[in-house]
1. So, restricting to strands (runs of 3 or more DSSP E) that lie completely within region 1-77, which ones have at least 1 residues that are open to solvent by less than 50 Å² (accessible area, probe 1.4 Å), away from the ligand (no atom under 16 Å from the Cβ) and modelled with pLDDT of 95 or more?
2. Would you please name the residue that is farthest from Leu235 (Cα to Cα), looking only at residues in region 192-214 that are among the polar types (S, T, N, Q) and near the ligand (Cβ under 9 Å from one of its atoms)?
3. Of all residues in region 78-110, how many are open to solvent by 40 Å² or more (accessible area, probe 1.4 Å) and within 16 Å of the ligand (Cβ to nearest atom)?
4. Within region 115-128, which residues are open to solvent by 50 Å² or more (accessible area, probe 1.4 Å) and β-branched (Val, Ile, Thr)?
5. Hey, can you tell me all the residues within region 149-162 that are without any contact (Cβ under 8 Å) to a residue 60 or more places away in the chain and either away from the ligand (no atom under 13 Å from the Cβ) or open to solvent by less than 10 Å² (accessible area, probe 1.4 Å) (or both)?
6. Is it the case, given these coordinates, that Ser67 is of a type outside the set (Val, Ile, Thr) and over 22 Å from Tyr232 (Cα atoms)?
Amino acid sequence: MSTEEPKSYQPPKQCLQDRVILITGAGSGIGRTAALSCAAQGATVILLGRTVEKLEAVYDEIEQAGSPTPAIYPLCLEGASEQDYQTLATTVEQEFGPLHGLLHNAGLLGQRTTIANYQAQIWQQVMQVNLNAQFLLTKSLLPVMKTADDAAILFTSSGVGRQGRPFWGAYAVSKFATEGLAQVLAGELDEVSNIRVNCLNPGATRTPMRAVAYPAEDPGTLFSPEQIMPAYLYLLGPDSKGISGQSFDAQ
Ligand code: NDP
């Protein structure tokens, strides 16, 4: 497969069998669908998020589908300390052993306003969830990913993380930084580990966040989260082995 084609990947049955994959923001939107899809492909999924009821609903759906039993890890990425991430890493290592996949999906939209009007507190909140939490989570989980024979870290980017646009404030800046973090990390892990690191821009997708960002838009015109899953399954699974440090579009 060419590296240009994650979006047209046709996942073979059970392409994530025997893999353990942690997904942030797994309770709704793209994260929820990624959790269901990874589980349907045989992965044991660790559902991380801040709203336990939403995670429980996803857990139940996975169980009902007959997929491998997932795990729930409640964590608020805004308030979590470095120690909290360390505790998470220890738990993952003890309960699951090697971690094969890490999908940084959770995100906050923040304000849609000018830089001149942007509230400093919301700026920090968005940077904390969309960027700093990714750094802390990645740092804590690297050791347990290094013990896997093959592992993938996937960051979630955005169109406004590649070309700045007015009124996207901290969200856009956090996505630029995410692309940078992925590039730095990919270079550091290249040839000294079995971990590959890539970025994926979902593109306009029918989720609660998109509805807030574009209230006047007809959601029926958008891709569903299910439609963008091929790229996620490709970049998290064994078929993308050897591909690292790149940024892709899911649509
Ligand atoms: P949603 O708002 O539907 O989902 C975001 C998820 O992040 C939710 O599960 C939410 O949890 C979780 N989250 C937010 N804050 C925290 C926190 N402090 N701690 C833990 N979890 C948190 O958005 P999408 O599914 O649309 O977005 C998923 C990713 O895709 C994001 O990174 C977004 O930036 C990106 N993206 C989306 C696009 C789109 O068109 N939808 C386009 C480009 C990029 P809870 O539900 O409990 O609040």
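The values are calculated or read from the model by the stated rules, or taken from the named source; none is laboratory data. Note that this is a predicted model, so its numbers are computed, not measured. Cβ atoms come from the backbone with ideal geometry, glycine included; neighbour counts cover every protein chain shown. Areas reflect the complete protein model, heavy atoms only, side chains present, ligands, DNA and RNA absent. Shrake-Rupley method; radii C 1.70, N 1.55, O 1.52, S 1.80 Å.
1. Of the strands (runs of 3 or more DSSP E) lying wholly inside region 1-77, those with at least 1 residues that are open to solvent by less than 50 Å² (accessible area, probe 1.4 Å), away from the ligand (no atom under 16 Å from the Cβ) and modelled with pLDDT of 95 or more span 20-24, 44-49.
2. Of everything passing the filter in region 192-214, Thr207 is farthest from Leu235 (Cα to Cα).
3. First, the residues of region 78-110 that are open to solvent by 40 Å² or more (accessible area, probe 1.4 Å): 78-79, 81-84, 86-87, 90-91, 93-96, 98.
Filter once more, so that each one left must be within 16 Å of the ligand (Cβ to nearest atom): 78-79, 81-82, 84, 87.
The number of residues fulfilling the criteria is 6.
4. Ile115
5. Selection gives Asp149, Ala151, Ile153, Phe155, Val160, Gly161.
6. no
Here is a yes/no grid of residues against (1) open to solvent by less than 30 Å² (accessible area, probe 1.4 Å); (2) in contact (Cβ under 8 Å) with a residue 12 or more places away in the chain:
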residue	(1), (2)
Leu185	yes, yes
Asp190	no, yes
Arg196	yes, yes
Leu200	yes, yes
Ala213	yes, yes
Thr221	no, no
Ser247	no, yes
